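Colleague: Mind looking over this structure? Questions follow.
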Amino acid sequence: MNIILMGPPGAGKGTQAELIKARFPIPHISTGDIFRDAVNQGSELGQEAQKYMSSGQLVPDEITTAIVKERITQADCEQGFLLDGFPRTTAQAQALDQSLTELGKKIDLAVNIDVPTELLIERLSGRISCQECKRVYNLNFNPPREQGKCDSCGSELVQRNDDRGETVAKRLEVYSQQTRPLLQYYEAQGVLFNIEGSRGSNQVFADIQEKLESL
Ligand code: ADP
Ligand code: ADP
Ligand code: ZN
């Protein structure tokens, strides 16, 4: 089962990915998490990615597609994978399709989580996450049991730099201009599944689960 999770920043992609992988044992591949780990390690990739992430821009397609191409050919992706935050441009979607064709695979479902902009801004301003296990929390909607500490692994919870100030507005603009047009791309392939994401995360997940089980 090869799945894509789409939606603007703050729609709940990471949150739904956690729920999906607990029910369907396929690897969760988040390009945002891959880049943030690289930034924290100070690697060459991290230094390059940081230039774009800090201002809310997209990391160039060549860098991003090469990472995903390499990742989906690994053995743990044989039974399927869950892509979160990739593709974000038409060029990325085309490169992904080309890689999948080479592997004799295809996308089974592109889940689009739809949330109004005001709610996205509210969610992003309260987002905190675990740098170790990547679990996502929200100061208002989904706080951890103990303040500042991850329920799952006990590590410190941090706010992302790009969830502050005007970077949020820039990311929403980049989404509208570069990523939203991709919905038509997957609609044309007949794999687009739109979902109302302003409800509670368990309600959203129930719809996704039902759809995945029907595949
Ligand atoms: P994305 O990966 O699409 O940017 P996240 O999963 O990180 O989104 O969610 C953004 C923020 O909104 C997080 O703080 C998360 O806890 C919260 N959140 C996610 N889904 C919901 C929901 N259905 N209702 C309320 N808050 C949510
Ligand atoms: P969000 O969960 O808020 O949608 P992500 O964690 O997916 O954000 O991405 C954070 C940042 O990492 C993006 O603003 C962008 O700079 C970079 N990034 C992540 N995925 C991609 C991608 N597919 N193409 C280009 N840049 C990306
Ligand atoms: Zn954790």
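Since every read-out is calculated from the coordinates, none of them should be taken as a lab result. Being a predicted model, the structure only gives us computed values, none of them experimental. Neighbour counts run over all protein chains shown; Cβ positions are idealised from the backbone, glycine included.
Colleague: Got a sec? How would Arg164, Arg135, Arg123 order by Cβ neighbour count within 10 Å, fewest to most?
Modeller: Lowest count first: Arg164, Arg135, Arg123.
Colleague: Could I ask something else about it? Sorting Phe193, Phe86 on the 10 Å Cβ count, fewest up front, what's the list?
Modeller: Ranking Phe193, Phe86 by Cβ neighbours within 10 Å, fewest first, gives Phe193, Phe86.
Colleague: A further question on this structure: Assuming 0.36 nm per residue, please report the length gained on full extension of the stretch Arg199 to Gln159 beyond their Cα-Cα distance.
Modeller: Once the chain is fully extended between Arg199 and Gln159, it gains 12.1 nm.
Colleague: Give the Cα extents of the stretch 84-158 along the principal axes, in whole Å, largest first.
Modeller: Its Cα atoms span 47, 31, 19 Å along the three principal axes.
Colleague: Per residue, what volume in Å³ does the convex hull of the Cα atoms of the chain enclose?
Modeller: Hull volume normalised by residue count: 120 Å³.
Colleague: Continuing with this model, one more query. Taking every alpha carbon pair in the stretch 53-119, what does the distance histogram look like in 5 angstrom bins from 0, in percent?
Modeller: 3, 13, 25, 23, 17, 10, 6, 2, 0
Colleague: Provide the FRET efficiency to the nearest 0.05 for the Glu102-Asn140 pair, computing r from the beta carbons and using R0 = 45 Å.
Modeller: Efficiency for this residue pair is about 0.50.
Colleague: For the stretch 113-215, just say rounded, prolate or oblate: build the C-alpha gyration tensor, square-root its eigenvalues into a ≥ b ≥ c, call rounded for a/c under 1.5, and beyond that prolate if a/b exceeds b/c, oblate if not.
Modeller: Note, shape of the stretch 113-215 comes out oblate.
Colleague: So if I place +1 on the C-beta of Lys and Arg and -1 on the C-beta of Asp and Glu, and nothing else carries charge, what would the dipole magnitude of the chain be about its Cα centre? I want it in debye, nearest 20.
Modeller: 260
Colleague: Let me ask something else about it. Taking neighbour Cβ counts within 10 Å as the exposure measure, how do Ile121, Ile107, Ile113, Ile4 sort from fewest upward?
Modeller: Ile121, Ile107, Ile113, Ile4
Colleague: Next up: Of the options Thr15, Asn112, Pro144, report the single residue whose Cα projects farthest towards the positive end of the charge dipole of the chain (beta-carbon charges: Lys, Arg +1; Asp, Glu -1).
Modeller: Positive-most Cα among the choices belongs to Pro144.
Colleague: Using θ = phi - 60° and the Karplus curve 6.51 cos²θ - 1.76 cosθ + 1.60, what whole-Hz ³J(HN,Hα) does each residue of the stretch 129-145 get, with Gly and Pro shown as x?
Modeller: 8, 8, 6, 7, 9, 6, 4, 10, 10, 9, 4, 9, 9, 7, x, x, 4
Colleague: Hey, which of these cross-link pairs are over 22 Å Cα-Cα: Lys13/Lys106; Lys13/Lys134; Lys51/Lys149; Lys51/Lys105; Lys13/Lys170?
Modeller: Distance filter (> 22 Å) returns Lys51/Lys149; Lys51/Lys105.
Colleague: At 7 Å along Cα-to-Cβ for each site, give me the label-to-label distance between Arg180 and Glu210 in nm.
Modeller: According to this spin-label approximation, the distance is 2.7 nm.
Colleague: If you put +1 on each Lys and Arg Cβ and -1 on each Asp and Glu Cβ, how big is the dipole of the stretch 89-135 around its Cα centre, in Debye rounded to 20?
Modeller: With Lys and Arg at +1 and Asp and Glu at -1, about 180 debye.
Colleague: At 1.002 mPa s and 20 °C, plugging the Kirkwood radius over alpha-carbon pairs of the stretch 80-119 into Stokes-Einstein gives what diffusion coefficient in µm²/s?
Modeller: 182
Colleague: Let me ask another. Output the relative contact order of the chain, whole-number percent, from Cα pairs under 8 angstrom with separation of 6+ residues.
Modeller: Reported as a whole number, the value is 30 percent.
Colleague: Compute the projected area of the convex hull of the Cα atoms of the stretch 16-58, averaged over all viewing directions, and report it in nm² to one decimal place.
Modeller: Taking the Cα atoms of the stretch 16-58, their convex hull projects to 3.6 nm² on average.
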